[in-house]
Amino acid sequence: MTRSALIVDDHPVTHIGCGQLLRDLGYDEILEALNERIAYRLAETCRPGLIVLDLGMPGPGGLNMIGPLLSRAPDAAILVFTMNEQAVFAAKALEAGARGYLSKNSAPEDFLEAVRTLERGDIFLPHRLAVSVASMKIGGKSDPLSALTEREHQVLRLLGRGEDLQSIANALCISYKTAANTSSQLKRKLGLRNTTELIRLAIETGLS
């Protein structure tokens with residue numbers, strides 16, 4: 001029986017690395033998608049048993065692709081494989097239907113363990129993330145964007161579109177200082193370290 005996996009990532013180097021690891025696990029059909037359109041087509045026509053998905057996909061973002069991928073390949077186990085190590089995104093990915101979540105900073109052995117865990121029908125989360133996700137659910141905190149003001153949403157959305165603070169100030173008819181202060185408030189509220197992480201969040205949640 002053919003074991004099929006679909007890698008959805010816009011970075012070719014990820015396809016090479018993940019593809020080799022999956023072959024080591026016995027997968028004999030490795031499908032590759034660099035964009036949303038190809039991912040949906042391959043999921044529907046090939047019905048892979050495993051989908052490795054990057055959250056930072058262009059377009060709708062990886063989180064918003066989980067549902068459509070599962071509607072096309074309902075038996076697939078989705079492993080989110082991303083640079084984003086924040087627990088809130090792990091929680092949102094699982095809520096959307098993913099079965100596992102792993103950082104790209106992890107060792108190859110962790111990737112192999114994650115895939116084996118999904119193959120057994122279990123959920124995979126690294127211990128630190130599992131503890132953080134459990135704490136969030138106990139505290140009722142699952143969506144970090146729900147606490148943002150409308151202005152903060154606007155600034156975050158424009159950052160995700162590649163606008164700098166001066167362009168954002170001009171677009172929203174506010175001062176540069178207000179735009180900069182709002183950006184700082186976003187980092188504090190969302191627990192992010194820099195503007196790059198804000199941009200990544202906007203892209204991965206589909207705000208951009």
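In the range 19-61, the qualifying residues are those that are within 15 Å of residue 118 (Cα to Cα), touching a strand residue (DSSP E or B) at 6+ places or on another chain (Cβ under 8 Å) and hydrophobic (A, V, I, L, M, F, W, C), and the one that is surrounded by the fewest Cβ atoms within 10 Å (Cβ to Cβ) is 22. Residue count for the range 169-208 under the criterion of being exposed (fewer than 13 other Cβ atoms within 10 Å of the Cβ) and modelled with pLDDT under 80: the result is 2. Right, residue 44: of a type in the set (D, E, K, R) and in contact with a Lys or Arg (Cβ under 7 Å, 6 or more places away or on another chain) or not? Yes.
The values are calculated or read from the model by the stated rules, or taken from the named source; none is laboratory data. Treat the numbers as computed from the prediction; the structure is a model and nothing was measured. Every residue, glycine as well, gets a Cβ built from its backbone with ideal geometry; the counts of neighbours run over all protein chains shown.
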